[in-house]
Amino acid sequence: MIHPLARSELPDDTADLARTLIGKVVVRELPEGIVSGRIVETEAYVVGDAAGHGYRGMTPRNRSLFLERGHAYVYLAYGVSMMLNVSSEAEGIGTGVLIRALEPLEGIAIMRQNRGVERLRDLARGPGRLAAALRIDRSLDGLDLCRKGPLWLAKDGQKAGEIGQGIRIGITKDADRLLRFYVRGSPFVSGPRSLQK
């Protein structure tokens, strides 16, 4: 049975939240049906993190990052791919967790159509692919992910498996911090295998 993840179940420390979200489920409600996937990889962007979007303060673009933990922060990266993040601390603190990869669960045919690919492993392996597979766009920015709606976080009682920890992918500032969490051995984790120790 799947249930919404309550805000009280979300730790108010960004790195702890990034680890806690491993094994949880992202649910996307679309007109043609439910699409969902289990979170197998996250990255934390903590207080004082030069790589974080909240580092220089609040702007119209990043204001959802400063909401109370458990809200969606959706942005367009490099003019190409949408990225789904979860705001992670108290209101007014601009920190978040990037959802990097999902193991597809429900609505796989819809995901394949959204992505234009057949291979299950490639549907939501990487944050841009994930957002495309779930048809996540800026209209979902600021949404409360702790209640059922077009996009929400859920738990289904499944254990996450062994969680690995490593450096984040594709950043240049504060790049050596061990703030990426992933399910060891999962074929759905993104990035080179050399980063999955």
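Nothing in this text is a laboratory measurement; each read-out follows from the coordinates by a stated rule. These numbers were taken from a predicted model, which means no experiment stands behind them. We place every Cβ from the backbone using ideal geometry, glycine too, and count neighbours over all the protein chains shown.
Some points to look at:
- Dipole magnitude of segment 1-138 about its Cα centre (Cβ charges: Lys, Arg +1; Asp, Glu -1), debye to nearest 20: 480
- Residue-wise HN-Hα couplings along segment 125-133, as the Karplus relation 6.51 cos²θ - 1.76 cosθ + 1.60 with θ = phi - 60° gives them from phi, are 9, x, x, x, 4, 4, 5, 5, 4 Hz; Gly and Pro carry x.
- With both labels modelled 7 Å from their Cα along Cα-to-Cβ, the residue 34 to residue 159 distance reads 2.5 nm.
- Each residue of segment 170-186 is assigned a 3J(HN,Hα), and the resulting list reads x, 10, 10, 8, 6, 6, 9, 7, 8, 10, 10, 10, 7, 7, 4, x, 6 Hz, derived from the Karplus form 6.51 cos²θ - 1.76 cosθ + 1.60 (θ = phi - 60°), x at Gly and Pro.
- ³J(HN,Hα) computed for each position of segment 75-90 - Karplus, 6.51 cos²θ - 1.76 cosθ + 1.60, integer Hz, glycine/proline x: 9, 9, 9, 6, x, 10, 10, 6, 10, 9, 10, 10, 4, 10, 9, 5
- P(r) weight above 12 Å for segment 1-50, C-alpha pairs, percent: 71
- For residue 24, a cut-off of 15 angstrom between C-alpha atoms picks up these aspartates and glutamates, skipping any fewer than 8 places away in its own chain: 9, 16, 41, 43, 103, 106, 156, 162.
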